Amino acid sequence: MAKPKGTATKEETQPLLDLSTLERIEYIKIDGKRYDLVNLDASSVQARNKITTLFVRCLELIVESARADDEKPLSKTKQRELARSLNEIMPLIIPGVPPAVTSKLNEMQKQEIVTAFFVVRSERTGGSTVIQRMTKIAEELTGAKSSRASNGSTEGTLNRGMRRSRQRSSARSQQ
């Protein structure tokens, strides 16, 4: 039976729009100092789009880097693109961090901040189309479901890859 246009059904489990005036501010600490993550809900459409575009590319490159090994490392071009993308997204997702502090962070720390931003944001806005797009890319790249609670999460895959990358980086610096 067809329902009239514009009418709701009783089977709907989620509202069309779910707003909250209680704002939970997520933050990170760098050298013991608190820095708030950006609140995308309070950002302009242009800022959200820029963060999303940069974030998706960073995530793709982070996953590629995590999958890379000594036999087939990430290309120099992609390594430079990842570094450039991380440097570009950092002031957008943690705007209160001074450039002098950001410049002291190594690439792994920046990757961890970007990954943490994704995890926190995906938990807060599970129904967001932006997060769905980001999650879809992560799932396509890793074959894992992106959820902090799931055993095969993207977060786990990224963290394992970042540990491997950190170990390779550490080994290279000791040579």
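Miscellaneous remarks
- Relative packing of 113-119, 27-33, which averages over residues the other C-beta atoms within 10 Å, highest first: 113-119, 27-33
- In this structure, Tyr27 and Ser103 have a Cβ-Cβ separation that, at R0 = 22 Å, corresponds to a calculated FRET efficiency of about 0.65.
- Too-long pairs where the Cα-Cα distance tops 28 Å, listed order kept, from Lys29/Lys72; Lys50/Lys72; Lys33/Lys76; Lys33/Lys78; Lys50/Lys104; Lys33/Lys72: Lys29/Lys72; Lys50/Lys72; Lys33/Lys76; Lys33/Lys78; Lys33/Lys72
- Among 53-60, 103-110, sorting by the average number of other beta carbon atoms lying within 10 angstrom of each residue, highest first, gives 53-60, 103-110.
Only the coordinates and a few stated rules stand behind these numbers; no lab work does. Please read all numbers here as calculations on a predicted model, not as lab measurements. Note that we place each Cβ from the backbone using ideal geometry, even for glycine, and neighbour counts take in every protein chain shown.
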